[in-house]
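Only one structure is covered here, and it is reproduced in the block below.
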Amino acid sequence: MAKRYWRIWIPVAVLAAAAGGVVFVPEVVDEVRVERLLEVHTGDPAQVLKEAAERALAAGAAEVVVTAESPFYGDDGPAETGRMSWKSPHEALALPSMSRWRIDDDLYYHPAVPPGFDGSAESEWENGAAARVSAPAMLSALLVGGHPERVGPESVGGLPAMRYSVAVEPKPLDALLRKTFPCLTSPRPAPEPPRVPGSPDPRIHFDAWLDDHGQLVRVHRRSPRKTIEFRSFGGPAVTLPQGAEHVEDAVDGQPGCTVR
């Protein structure tokens, strides 16, 4: 049994003071939960993933841990623990980095240099990489991905989870977001570049992990790297920062998508 589930064992280092050395102790595997995980994830991967994404979107909010790739250096910025909500057209976040940002453009969490900031814009982007991760965009991608594959059991937060991989065409995802979350997209789709032999794969690749109840616990975009770990779903929406006001004037043909 242990060999069968070796992939979900994560070694953790424990200081053995009496022995004066370091020993590596494998994480205890709950074999009952692993068996349930395998039972839950025997169905069609497309249907399992679609239903999980629909439940997550319907929840409207979640406690999360977010990381994102730096746009300047290619490594991942610091993980941020906070809250996301998407119960209105204005997706909202409560993350530590938000306290340094001003309200700007069509989303109040859009990364921008705050008034009076005398440092570099580059450092401001670096410090707030996690706030550029959109929960509804990543969840919606799972609804339009083609032919998802079940990769196998892995561990997320010390518990077994089934990993899926899926490739998403940008055009259907953009159309879905324009319909359901118009503030996250341009009012006019960008022209699709012609595909020629040897051109890079235009699809966006995602990985998703579901627990033994079929609930999403992590979604990861491979390039640029963006990861959301969902600690719990539901609860109140995130409120806008103090002083923020919804502006109902049309912006590029989209009324109500500006926050000032």
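Remarks
- Verdict on Pro197 being modelled with pLDDT under 90 and over 19 Å from the mean Cα position of the chain (by Cα): yes
- Hits in segment 135-170 - residues which are surrounded by fewer than 20 Cβ atoms within 10 Å (Cβ to Cβ), of a type in the set (Ser, Thr, Tyr) and in contact with a helix residue (DSSP H, G or I) (Cβ under 7 Å, 6 or more places away or on another chain): Ser155
- Some residue of segment 171-181 being surrounded by 14 or more Cβ atoms within 10 Å (Cβ to Cβ), at pLDDT 85 or above and closer than 24 Å to Gly77 by Cα: no
- The set of residues in segment 209-250 that are surrounded by 12 or more Cβ atoms within 10 Å (Cβ to Cβ), modelled with pLDDT under 95, within 19 Å of Glu80 (Cβ to Cβ) and of a type outside the set (Lys, Arg) comprises Pro224, Gly235, Ala237, Val238, Leu240, Pro241.
- Among residues that are surrounded by fewer than 16 Cβ atoms within 10 Å (Cβ to Cβ) and either touching a helix residue (DSSP H, G or I) at 6+ places or on another chain (Cβ under 8 Å) or at pLDDT 50 or above (or both), Glu31 is included.
- Residue check for Ala68: at pLDDT below 95 and not in a loop (DSSP other than H, G, I, E, B): yes
- The residue that is surrounded by the most Cβ atoms within 10 Å (Cβ to Cβ), counting only those in segment 34-65 that are part of a loop (DSSP other than H, G, I, E, B) and of a type outside the set (Gly, Ala, Ser), is His41.
The values are calculated or read from the model by the stated rules, or taken from the named source; none is laboratory data. As the structure is a computational prediction, the values presented were derived from the model and not from experiment. Every residue, glycine as well, gets a Cβ built from its backbone with ideal geometry; the counts of neighbours run over all protein chains shown.
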